[in-house]
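Sharing a structure below in structure tokens format, with a few things to ask.
Read-outs: derived from the displayed coordinates by stated rules, not from any lab. Since the structure is predicted, the reported quantities are computational estimates derived from the model, not experimental observations. Neighbour counts run over all protein chains shown; Cβ positions are idealised from the backbone, glycine included.
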Amino acid sequence: MGKRSLAILAFILFLLGPALAQETSIPYVSAETLKELQNGTELRRSVGPGREPQLLPAVPWSERILRETASLGPTIGTEVLILRPSNPAELDSGPALLKLYNLLRSVSRMKGIEYYSMSRRRMRTLFMESYAVDDPLTLKRLPDPLVDEIPPSFFLYILQKDLNFGKNVYKSEYLHEEGILALRNENLTPMRYLGMTLVAPMQSLTWLVLIPYEGNLLFYGLSCARTARFFGLEKNAEDSFYNRLKAIYGWFASEVEKIF
């Protein structure tokens, strides 16, 4: 190949370099993790004694999430990382990001969402009730708190009744920074499993992180708790936490299709 041809090839590679880099890496996860996600792999890890979160992307709240998880000392938990590619709009644009944020705050729309139960081999309803309330004591129902502008942070109380853990009140914190959205949930009431108190108040922690970039959506979910010891039920409880994360992701992905 002559010098002129080499020069032309170098110039073409120079022009294509940024595009190629975007296809092979994003700043939130490692190249190896991204490759697994792009192959359609859903990543899942257990969280518990001696097992801190491993899939957490590099987001503004990463240190806080790790610190809170360590402080809680969960006995059971799970985390998932899922890539939803090829969305019909650039989700990281201002108007699109506002729609995603308001979707997170659309608590009442979570009523009736379903998940697939491996043990029962059928779909089951996760949330039989889901809505915002004014206070953990009075529990006056409120409309979904939708906004016209995304604030850096916002607190909300929500009531949800699900088939696994019964009726519970949660304190939810909505966060926004650098074009990334997050939702943090902490239980304010005892969570019961099979009629027994599995999780005392403020002993469960859930984080959902949404990273939109160039039409892709990276979803991270962490759900863990410090539980009472019920020998033989730990695996079932962990699967229930996983089912909750997957149901929320499935609902969110479905709603994104409707909105965009």
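What's the exposure ranking of Ile113, Ile259, Ile211, going from fewest to most Cβ atoms within 10 Å?
Ile259, Ile113, Ile211
Okay, moving on. For a footprinting-style exposure proxy, rank Asp92, Asp162, Asp148 by other Cβ within 10 Å, fewest first.
By the 10 Å Cβ count, ascending: Asp148, Asp92, Asp162.
Amide H of Leu43 versus every other amide H placed in the peptide plane: which residues, excluding those fewer than 5 positions away on the same chain, fall under 5 Å?
Leu81
Among the lysines, select those whose C-alpha is under 27 Å from the C-alpha of Lys99, and discard any that sit fewer than 8 residues away in the same chain.
Lys111, Lys140, Lys161, Lys171, Lys246, Lys258
Are there any trypsin sites (Lys or Arg not before Pro) in segment 40-147 that are in a DSSP loop and have at most 11 other Cβ atoms within 10 Å? List them by number.
Passing sites in segment 40-147 are Arg120, Arg121, Lys140.
Let me ask another. Tell me which aspartates and glutamates have Cα within less than 15 Å of Lys35's Cα, excluding those fewer than 8 residues away on the same chain?
Glu23
Identify the trypsin sites (Lys or Arg not before Pro) of segment 188-232 meeting these criteria: DSSP loop state and at most 13 other C-beta atoms within 10 Å of the C-beta.
Passing sites in segment 188-232 are Arg229.
Next question. Would you work out the relative contact order for the chain, in percent, from Cα pairs under 8 angstrom that are 6 or more residues apart?
Normalised by residue count, the contact order of the chain is 20 percent.
Ok, one more. Among (i) 1.13; (ii) 0.97; (iii) 1.08, only one was calculated for this model; which label is it, if the read-out is Cα Rg over 2.2 N^0.38 Å?
Checked against the structure: label (i).
Follow-up. What ³J(HN,Hα) values, in whole Hz, does the Karplus curve 6.51 cos²θ - 1.76 cosθ + 1.60 give for segment 100-109 when θ = phi - 60°, with x put for Gly and Pro?
Taking θ as phi minus 60°, the curve returns 5, 5, 5, 5, 4, 8, 7, 4, 5, 6 Hz for segment 100-109.
If you take the charge dipole of the chain about its Cα centre, with +1 on Lys and Arg Cβ and -1 on Asp and Glu Cβ, which of Ser130, Thr69, Ser93 is farthest toward its positive end?
Of the listed residues, the answer is Ser130.
Which angle from 0 to 90°, rounded to the nearest 10, does the C-alpha axis of helix 234-259 make with the longest principal axis of the chain?
60 degrees
I would also like to ask the following. Go ahead and run the numbers for FRET between Arg67 and Phe154, Cβ-Cβ distance against an R0 of 22 Å, rounding to 0.05.
That pair, Arg67 with Phe154, gives E of 0.55.
Under the rule of at least 5 residues apart or a separate chain, name every residue whose amide H is placed under 5 Å from the amide H of Glu114.
When sequence neighbours closer than 5 places are left aside, the close amide H contacts are Leu126.
With θ set to phi - 60° and the Karplus curve 6.51 cos²θ - 1.76 cosθ + 1.60, what are the ³J(HN,Hα) couplings of segment 84-99 in order, to the nearest whole Hz, using x for Gly and Pro?
Per residue, the Karplus-derived 3J(HN,Hα) values read 9, x, 6, 6, x, 9, 6, 6, 8, 6, x, x, 5, 5, 5, 5 Hz.
Let me ask something additional. Per residue, what volume in Å³ does the Cα convex hull of segment 69-157 take up?
Considering the Cα atoms of segment 69-157, their hull volume per residue is 198 Å³.
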